[in-house]
1. If we count other beta carbons within 10 Å of each Cβ, what is the order of 137, 236, 148, fewest first?
2. Need one number: % antiparallel among DSSP beta bridges in the range 123-239, to the nearest 5.
3. Work out, step by step, the length gained on full extension between residue 139 and residue 73: first 0.36 nm times the residue separation, then minus their alpha carbon distance; give nm to one decimal.
4. Report the calculated FRET efficiency for residue 178 and residue 276 (r = Cβ-Cβ distance, R0 = 35 Å), to the nearest 0.05.
5. Which whole-number percent of Cα pairs in the range 94-148 have a distance greater than 17 Å?
6. Given a cut-off of 38 Å, what percent of all Cα-Cα pairs of the chain lie beyond it?
7. Roughly how tilted is helix 185-194, in degrees to the nearest 10 and between 0 and 90, from the longest Cα axis of the chain?
8. To the nearest 10 degrees, how steep is helix 41-57 against the longest Cα principal axis of the chain, on a 0 to 90 scale?
């Protein structure tokens, strides 16, 4: 009986200690790692959410860009950080692509992280420089087949979603394009607007304003339906490549081992943030939609994305350049 009583006392003490940790959190600034350079969709989304979280939590949420090696450098930083809730990461599809594209990673994408919440869902624009003589996907395919190996497409780096999107496009259309990787989506977008490359699959958040201003020509969107912000631009699938679909997302992760109470607190604050009217409006302007799901649903989604991209990489024979 004494042993049982002692066990109950210990359990109550642990529960109280856990509650105290959750109530005390956060007691200092939070680091938000973005494993890509400033200016891209991941960075923009991370900064939007971090600003709102700072308001709600009452502490600074500082964005730290750690680009390099197709997001591997920044992701490794987070994987090896203390699991105390003070290092988080805004991540994108590259997280789910790298396990099948890279021969070896310095972390386990599933085991070394805990999902907090999916922030947004969205898609990409297939856009060209205005000087490229195509106005739709069929004309692009015809140009690529007429100029085999001379039409260039950019990306934000090896293993990026727009790199693999281009690989999938070639695989499904029987075309051969020249991949030109850059260090960030900002650099690849600048290269396209200057005419350095012919086309680019880029996040709606990065391309929507240049398309509306005429600096880029949006010839298709890569998701299952047209964007309400640009209803005149068709999907790739309805433009002659049935079944083509590349969707984007951003999610919040933390190193594995962060106490459950802290994950629950962060999830609650993130859901509140992404569904606030001001943030929803900012997302809408970028062509994305808020999600704000549970940690469990976010984790399941990540595992499904890894499986999806594994199939794409194997079917298309994609390799890191």
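1. 148, 137, 236
2. So the antiparallel bridges amount to about 55 percent of the total.
3. Gain on extension, residue 139 to residue 73, equals 19.9 nm.
4. For R0 = 35 Å, the calculated efficiency reads 0.20.
5. Cα-Cα pairs of the range 94-148 separated by over 17 Å account for 62 percent.
6. 18 percent
7. 20 degrees
8. 30 degrees
Quick note: the coordinates plus some simple rules give every number you see, no bench work behind them. Only a predicted model underlies this, so the values are computations on that prediction, with no experimental measurement involved. So basically every Cβ, Gly included, is an ideal-geometry build from the backbone, and we count neighbours across all protein chains shown.
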